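Rule-based calculations on the coordinates, nothing more; no lab input. Just so it is clear, the structure is predicted and the values come from calculations on it, not from any experiment. Neighbour counts are summed over all protein chains in view; Cβ atoms, including those assigned to glycine, are modelled from backbone coordinates with ideal geometry.
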Amino acid sequence: MAAIAGVAGCLGCGASKSRQEAASTAEGAPPAAAVAFDRDSAYSYVAAQVGFGPRVPNTPSHRAACKWLASELRRHGAEVIEQPMRLTTFDNTVLDATNIMGRYNTASSERLLLLAHWDCRPWADEDPDESKRSQPVDGANDGASGVGVLLEIARQLGRENPAKGVDILFVDAEDWGTTGQEDSWALGAQYFAAHPPVEGYSPREAILLDMVGGHDARFYREYFSERAAGSLNASLWGIADSLGYGEYFPDRIGTAVTDDHVQLIQAGIPAVDVIEFSPSGGFNSRWHTSSDNMEGISAETLGRVGETVMTYIRRNY
């Protein structure tokens, strides 16, 4: 993914009505009781992905991880759809890629889409050590963290089916992009939006999780998300605040980030991106480097994000 431009500002005076209501409801009240979400389980799911090695398309690690992800969704009771694709990158590499979708309560027409990319950056081009910049990254935070949270959510949905429809999408080929070419990113999401694997597929809204495992990560309200789905952003940030996580979900609009959610927005699906990106400091310091490994992953951060999204699901779906 790539950041576009700094568009940050305080939402205190211009907050949406739903955000103001969430704040007033929580004022003076104890933190809300968290729903079932096991942060240690999410952490284990991140570690399991990293254990395959870099999940770069066209590699044995990628193929093995693909089979495992689909099997985990099935194990947790989802109806699984695999969407194989042949995609051509900006450098004319042809990728054998696969989007993996797990569906709960398929009879419901009212649906929520949760997604994260599961592939890895093929080269550590931001590494401070030039000798490592041609190496693939482990993608512990950039990729595996969002998938880890969603696998734990799948485990919880398998225990207690949602009343409405929930879909979990592991989207491929997000991270084979280059600076200055926005369309070179999110190739799997582009394909998914253009070729929905379910006829007439149109979820009510979508939540993307990307880089959600960093130590003490802060999550600002991403600019494109705010424009396309401000009420959903407000609900998520209000829930995080009610759970006692307001420090980690600052009530500010952050930078515009080119990520998988943009493809959904362009297809008419209101979508938000929960992503660590500081308006002043940019992406996590391990982003696109050889140090994007398990040392950079915090079970506490995974729990904050997971509990927030899980609470939203239980309240609304």
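Build a GNM of the chain with springs between Cα atoms under 10 Å apart, and of Ser131, Ser231, Ser242 the one that fluctuates most is Ser131. Going by neighbour counts of Cβ atoms within 10 Å, the residues His76, His117 line up, fewest first, as His76, His117. Taking amide H atoms as placed 1.01 Å from N in the peptide plane, the amide H of Gln135 lies under 5 Å from those of Ala124, each 5 or more residues away in sequence or on another chain. Of the residues Ser71, Met85, Thr98, the one whose Cα sits farthest toward the positive end of the charge dipole of the stretch 36-103, with +1 on the Cβ of Lys and Arg and -1 on the Cβ of Asp and Glu, is Ser71. Placing +1 on the Cβ of every Lys and Arg and -1 on the Cβ of every Asp and Glu, with nothing else charged, gives the chain a dipole about its Cα centre of roughly 880 debye. Measure out, as a whole number of angstrom, how far apart the alpha-carbon centroids of the stretch 137-195 and the stretch 284-317 sit. One Cα centre to the other: 13 Å.
Coupling constants for the stretch 111-125 follow from the phi torsions by the Karplus curve (6.51 cos²θ - 1.76 cosθ + 1.60, θ = phi - 60°), and in residue order they are 10, 10, 9, 10, 8, 7, 8, 10, 8, 10, 5, x, 8, 8, 6 Hz; glycine and proline get x. Magnitude of the charge dipole for the stretch 76-208, about its Cα centre and with charges confined to Cβ atoms of Lys, Arg (+1) and Asp, Glu (-1), is about 640 debye.
Which one of Gly230, Ala186, Pro250 is farthest out on the positive end of the charge dipole of the chain, using unit charges on Cβ (Lys, Arg +1; Asp, Glu -1) and the Cα centre as origin? In the chain, that residue is Gly230. When the chain is treated as a Gaussian network with alpha carbon springs shorter than 10 Å, the biggest mean-square fluctuation among Glu205, Glu300, Glu130 belongs to Glu130.
Using C-alpha pairs below 8 Å separated by at least 6 residues, the relative contact order for the stretch 2-316 is 27 percent. In the stretch 2-316, the DSSP beta bridges split such that about 60 percent are antiparallel, to the nearest 5. Each of Trp185, Trp237 was scored by other Cβ atoms within 10 Å of its Cβ. Arranged with the fewest first, they read Trp185, Trp237. Remark: Leu73, Leu113 ranked as Leu113, Leu73, counting other beta-carbon atoms within 10 Å and listing the fewest first.
Just the Cα atoms of the chain, one point each, no solvent: what log10 I(q)/I(0) does Debye give at q = 0.12, 0.14, 0.15 Å⁻¹? So the normalised log intensities are -0.73, -1.03, -1.21.
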